[in-house]
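Each remark here refers to the structure printed beneath this line.
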Amino acid sequence: MQDQYKTILLHYIAEGGEPGLELAYEFGRQAIEHGISILQIVDAHYNALSDVLASTDTAQDVIITQRAGHLLKEALGPFEMTQRGYRETIDLLRNQNLKLAGLLEERSKLLQQREDFMLVVTHDLKTPITAADRCLALMLDGDFGPMSPEQIDLLSTMKDSNQRMFTMVKNLLDVYRYDQSTPILCLKEVDSGSLMVSAIKAFTLAARTGNVELHMAVTEDLHSVLADEGAVQHVLTNLIDNAIKFTPKGGVITLSARNSNSHVIFEVRDTGSGISQEDLPKLFQRFFQSATGRKQYTGTGLGLYLCQQITRAHGGEIRCESQPGVGTTFIFSLVAYNNQQ
């Protein structure tokens, strides 16, 4: 009975619709025929629900709980044919909902404790990483004496790896702040063209090294944006960096912007390997990395998630269009400054 109900529950959570409810009602009708009580059905329901909640993202808890409630109501429908069954249903639902609310609150507290722990650990990691980076920079500058080309090459590799680690730590800290709805944004008028020029300059050498063309296209009378310049630069940096990583030699990357009513629309378009249709809906999830990305590069899977958080904190949105073998375009919007006048 437990496994049968769990199968019905998983199907309804994933698909919804009348067929799932009909399965639940039939389950309840068969339960009456076999002498199964309401208490046993409710017990099967909450055991199955606990298993489902334990294996899913916390963000889906509300939706899952709502759908599970609809399903349980349908499964208990046959019992409502009797006055006793109706009273039992009301009492059991009330008690079980109280228990479920307590479990969800406890789970929320545990998750918060985990996040707080990760924040402390991540913050403490910044100090030794920064110290190591400074020491490597001094050595590469020759402050500790001359070095052979082999030594310079080795230290350069170490410095690059250290910088990647620092970026991961910083991303973790930023994600925590945005998730807690406490980002400190310094909003002001920022010239959209200047934002793009700075981003292009930062990747000129990387594009040349990878034998990739990097272009910028700006429409006339492009509006300024109301933004935190550093935060938006983080979005552009992440998108262009990803484009360079996944664009083969001889490819083209174009950063463009245009006015659109009360917003400015930015696009980062590449002629890279593209993203599968299966992965597109998951791109902005926390810690998600496509199979191609995991094979080619190490990372936390937080870059695009953080881009989405930053964009939304500015009152904008971000999305992706891609075709495997053709290329990818990331599009995000920011509120135009003149719209605030």
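Observations on the model:
- Distance violations [Cα-Cα > 32 Å] among 159/201; 159/188; 109/159; 188/249; 109/188; 109/282: 159/188; 109/159; 188/249; 109/188
- Region 188-340 - percent relative contact order, Cα under 8 Å, separation 6 or more: 27 percent
- For region 137-256, the square roots of the Cα gyration tensor eigenvalues, ordered a ≥ b ≥ c, give a/c of at least 1.5 with a/b no greater than b/c, which places it in the oblate category.
- In terms of the mean number of neighbouring beta-carbon atoms within 10 Å, the peptides 222-232, 190-200, 147-157 order highest first as 222-232, 190-200, 147-157.
- Region 205-335 shape via C-alpha gyration tensor axes, a/c threshold 1.5: oblate
A short reminder: the numbers here are calculations on the coordinates, not readings from a lab. Predicted, not measured: the structure shown is a model, and the values here were computed from it. Cβ coordinates were reconstructed from backbone atoms using ideal geometry, including for glycine residues, and neighbour counts include every protein chain displayed.
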